[in-house]
Amino acid sequence: MFGVSKESGIWQNTTHDWAMDVDVDHLELIRTDPSFDAYKTALHLILEVLAYPADEALDRGTGAAIVSLHPDGSISVSDNGRGTDTRTDGHGRMIKKPIMATKDLRFFESPDSPPLPDGLARRGMSVVASLSDWLIHSNRRTNGSWTQRYELGLPTTGLTPLHDDGTTGTTVHFLPSQRLLGEGEISVTGLQRLSRDFAPVLTVEIQDHRH
């Protein structure tokens, strides 16, 4: 069984607030505040996602990610890391760190946020979720695997268990909102160039299935 528990309110907050499952005002701010206009490109959303496996690769010494561009305009980023932090409360329920629908405490409001390869300050995964018509977060950890769907940053399902296959890692599959971002095809060459900035700790492979 998955859900939010009172234990999440006392767990130490490092990157996100465990006590808050969804921050609606935060998600709306990303969509409407003009200061985020520069962030509204599919390319930037990919970089925001890649920054997370890059963090983990730096901690572990190495890592790999695959960026797939799909015919329907959606994008998936899969990595071989440990997976998103998921904890068990006193009732045996699995609680995930709320990385999609709440602010990243390290970066979102910090003037010292590190720049991503496109030169924009890192703001967090909630930027990706809030600017995507839909996003599916699939997670595999040694203590269990699950998937969850979001629409414009809001969860539309609970955590649905996945069959463990012996691997760990995360896949973030999302469809950037054309209404919010506008048209514009991703350049594989440009994406390859920017992705190299995550090397040598994170190796990024790009697969273009659009044509």
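Structural remarks
- All positions within region 36-53 that are among the small types (G, A, S) and either surrounded by fewer than 23 Cβ atoms within 10 Å (Cβ to Cβ) or modelled with pLDDT under 95 (or both): A38, A51
- Every pair of residues 6+ apart whose Cβ atoms lie under 7 Å, when the first sits in region 66-77 and is at positive phi while the second is at pLDDT 95 or above and not in a loop (DSSP other than H, G, I, E, B): G73/L175
- Verdict on S74 being modelled with pLDDT of 95 or more and either surrounded by fewer than 16 Cβ atoms within 10 Å (Cβ to Cβ) or in contact with a Ser or Thr (Cβ under 7 Å, 6 or more places away or on another chain) (or both): no
- Of residues in region 121-136 being crowded, with 23+ Cβ neighbours inside 10 Å and either in a strand (DSSP E or B) or polar (S, T, N, Q) (or both), the one nearest to the chain's Cα centre (by Cα): S126
- Tallying residues that are part of a loop (DSSP other than H, G, I, E, B) and surrounded by fewer than 14 Cβ atoms within 10 Å (Cβ to Cβ) within region 174-183 yields 2.
- Among the residues listed as T203, T171, T167, T156, the single one being surrounded by fewer than 16 Cβ atoms within 10 Å (Cβ to Cβ), under 26 Å from D59 (Cα atoms) and not small (G, A, S): T167
- Every residue from region 1-34 that is over 19 Å from the mean Cα position of the chain (by Cα), under 17 Å from K103 (Cα atoms), at pLDDT 95 or above and not acidic (D, E): T32
- Taken together, the criteria exclude I186 from residues that are crowded, with 17+ Cβ neighbours inside 10 Å, within 23 Å of P98 (Cα to Cα) and not acidic (D, E).
- Put simply, of R210, R193 the only residue that is assigned to a loop (DSSP other than H, G, I, E, B) and more than 29 Å from M94 (Cβ to Cβ) is R210.
The values are calculated or read from the model by the stated rules, or taken from the named source; none is laboratory data. Since we're looking at a predicted model, the values are computed, not measured. In this analysis, Cβ positions are derived from the backbone assuming ideal geometry, glycine residues included, and neighbour counts consider all displayed protein chains.
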